[in-house]
1. Using the alpha carbons of the range 204-416, what is the convex hull volume per residue in cubic angstrom, as a whole number?
2. Would you mind ranking 399, 50 by Cβ crowding within 10 Å, fewest neighbours first?
3. What is the extension gain from residue 208 to residue 41, computed as 0.36 nm multiplied by their sequence separation minus the C-alpha to C-alpha distance, in nm to one decimal?
4. What FRET efficiency would be calculated for the residue pair residue 166, residue 325, taking the C-beta separation as r and a Förster radius of 22 Å, to the nearest 0.05?
5. Going by average Cβ density within 10 Å per residue, which order do the peptides 360-371, 262-273, 135-146, 314-325 take, highest to lowest?
6. Note the full-extension length gain between residue 390 and residue 258 as 0.36 nm times their separation in residues minus their Cα-Cα distance, in nm to one decimal.
7. Between the range 372-417 and the range 175-242, what is the separation of their alpha carbon centroids in Å?
8. Could the peptides 198-204, 307-313, 52-58 be put in order, highest first, of the mean number of other beta-carbon atoms found within 10 Å of their residues?
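Laboratory data are not the source of any read-out in this text; all were calculated from the coordinates shown. These figures come from a predicted structure and were not determined experimentally. Heads up, the Cβs are rebuilt from the backbone with ideal geometry, glycines too, and the neighbour counts pull from every protein chain shown.
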């Protein structure tokens, strides 16, 4: 009987159960890095997972016969006797796919309301947008009793188990120690607010990847611009060309947040195509750290409220403390803003904050046509009115070619039923 049970147990080394997202992350770490062994504390630090999640993940993988664990003193060591190739071949049918279901419907059923609904469904199932806890508060009577930790720790563990491996916290600066004790690290702060993050991504890793991917020599000074380009116009091109003529190298960061009429992928390509003729310009995705929902949500809402000043200060602080320092940036160019009060307030904050980090802010008068400034919002209005003749005067040929393409026309049709400021 004992022999039968042992043979049965050995035959069931891969039970039919779903692999935990945290277990998949740990498994992929071994597959990608070929790691021979790693301690649980090292795994927690490297992967941005809580020790509890690492413990659950290692238990499941050990149960599946993929890794082995052993104790050395107080440390728990995780290792695998299998090669990365063997691990992948044994688990490829088990790896999680974030897309739960694909449904095809007739094209004539696709309405603006349905697209909006689909956007949020896609965000939920594919993690394009991470769910948010808008805020939480503790009654003053019960503060100091560890209630915040009791609320957040289960939420963080569940977040990891459901496959969300990076999170940000926007809070008042005095709360820094509370979140630091739960593993969050500072991104940047102002005198009133602080942005913190935890997980498998970080601003340091992000900037280091930019340096490597775009072959940036951090020993030379350079200028930067941050642009949405919704879509790319002669106004944007004018500002970039001016910066390029006055500096050895210019980094153009295209806002990566997908809350504009033109998707990020298209905006990014339009900028790259539009500046191909300028050799000292590099076009870079703006990441989630420059003008994003985390750092400056008012930009996308065009909302003027009490939080606007703090958000602009925070975004400026991130630019100075992180990007400016690590990429050796000494100038940031902005376009004069006569039309939008939110962007004008942002420019004023940049001029106030960035010099503290050795960055000169150069505000350039907007390029005009027929006594009116060239702006992306003006182009979008012309698109709504099918005024191609006027559009051709405001955008480079590469942008115009895109606007008259099938994809450009599709975006134009959506614009006509969209009242968004972007």
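1. Cα convex hull per residue, to the nearest whole number: 118 Å³.
2. Final ranking by Cβ density, sparse to dense: 50, 399.
3. Full extension of this stretch gives 57.8 nm more.
4. My answer for the efficiency is 0.50.
5. In decreasing order of mean packing, 360-371, 262-273, 135-146, 314-325 become 314-325, 262-273, 360-371, 135-146.
6. 44.9 nm
7. So the two Cα centres are separated by 30 Å.
8. With the highest mean Cβ count within 10 Å placed first, the list reads 52-58, 307-313, 198-204.
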